[in-house]
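Following: one structure in structure tokens, then a few remarks.
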Amino acid sequence: MSIHPTAIIGKNVALGKDNEIGPHVVIEDGVRIGSNNKIWPGAYISSGTEIGDENQIHMNAVIGHAPQDLSYQGAPTKTIIGNKNTIREFTTIHRGTKEGTATTLGNENFLMAYAHLGHNCQIGNQTILVNGATLGGYCIVEDGAFISGMVVIHQFCRIGKLAIIGGLSAANQDTPPFTISAGRTTIACGINMIGLRRSQIPAPTRNEIKRAYKLLYSSGLNRGHAILEIEKMATTPEVKYFAEFVKQSKRGICPGGTAQETRMSAVTED
């Protein structure tokens, strides 16, 4: 265990083995931290935070501070972080807003500098949030999603598994899994084939995902009828999940378009 003498450790803080806590780190009362974590100088970890093992929390990151929610009245809430996450400089992760709720970050995620997770966000595993990516409250980001730099995600939106959102985009609706989208607001413009291959999704499954995507976005069917057709043809768990994700959307899903339309969306004034 290495704790710099200028670090401030509150009361009833639980620390595992072999943590490295740098200069001017502040850890408030009651925080729980596992083992083999490195907390770089100036990081601030607030009460109600639970952190697993082998995380790296870089300079001036703020973890578990009070949510930016006018309704928040100081209720006891949590921030729960798993294992092997990298949280880079000046990232902010705010705790839940309603009593007993939590903001959660799974395992092996990479949050680049100035990323922001609003209150009650639920982040899966192996996601990447590039510099300045900003999530409003109650967003859900599923495993393997990639959110590019300076992207803004509206509160309550869901980002599906292995989805990619291009830089400088604004997402106001749910982003279906396995898709690539971009623009302001986002337009789906294809399938994340590279991500599917890297995840070792076999070719027959990739082809079925492409057929499902075309039914949803290119068949001329409305969403309900498209989902019925996708469910009829689905033979793989991935496509059944794709259909279920769209079916359960409360905010609606981002519309589809060509790559050219996506580029135009990024520069068109509101």
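Points to keep in mind about this one:
- For the stretch 10-28, the set of residues classified as within 16 Å of residue 50 (Cβ to Cβ), of a type outside the set (A, V, I, L, M, F, W, C) and either under 27 Å from the mean Cα position of the chain (by Cα) or at pLDDT below 95 (or both) consists of 16, 19, 28, listed by residue number.
- Condition check for residue 104: part of a strand (DSSP E or B), of a type in the set (Val, Ile, Thr) and surrounded by 19 or more Cβ atoms within 10 Å (Cβ to Cβ): yes
- Scanning the stretch 55-70 for residues that are in contact (Cβ under 8 Å) with a residue 12 or more places away in the chain and more than 18 Å from residue 36 (Cβ to Cβ) turns up 59, 60, 62, 64, 65, 66, 67, 68, 69.
- Yes/no for residue 96 being of a type in the set (Gly, Ala, Ser) and within 26 Å of residue 166 (Cβ to Cβ): no
- Residue check: residue 73 meets all listed conditions (1) out of contact with any His (no Cβ under 8 Å at 6 or more places or on another chain); (2) touching a residue at least 40 places away in the same chain (Cβ under 8 Å); (3) surrounded by fewer than 18 Cβ atoms within 10 Å (Cβ to Cβ) but one, namely (2).
- Residues (among the basic types (Lys, Arg) and either more than 25 Å from residue 155 (Cβ to Cβ) or modelled with pLDDT under 95 (or both)) located in the stretch 247-270: 263
- Flag if residue 244 is at pLDDT 95 or above, of a type in the set (Asp, Glu) and either closer than 29 Å to residue 138 by Cβ or surrounded by 20 or more Cβ atoms within 10 Å (Cβ to Cβ) (or both): yes
- Of all the residues in the stretch 113-155, those that are part of a loop (DSSP other than H, G, I, E, B) and surrounded by fewer than 21 Cβ atoms within 10 Å (Cβ to Cβ) number 17.
- Some residue of the stretch 42-54 being surrounded by 17 or more Cβ atoms within 10 Å (Cβ to Cβ), among the polar types (S, T, N, Q), in a strand (DSSP E or B) and under 14 Å from the mean Cα position of the chain (by Cα): no
- Taking the stretch 157-172 as the range and being surrounded by 20 or more Cβ atoms within 10 Å (Cβ to Cβ) and of a type outside the set (Ser, Thr, Tyr) as the test, the residues that pass are 157, 158, 159, 160, 161, 162, 163, 164, 165, 166, 171.
The values are calculated or read from the model by the stated rules, or taken from the named source; none is laboratory data. Worth saying up front: this structure is predicted, and the values here are computed from it rather than measured. Every residue, glycine among them, receives a Cβ derived from its backbone with ideal geometry; neighbour counts consider all protein chains shown.
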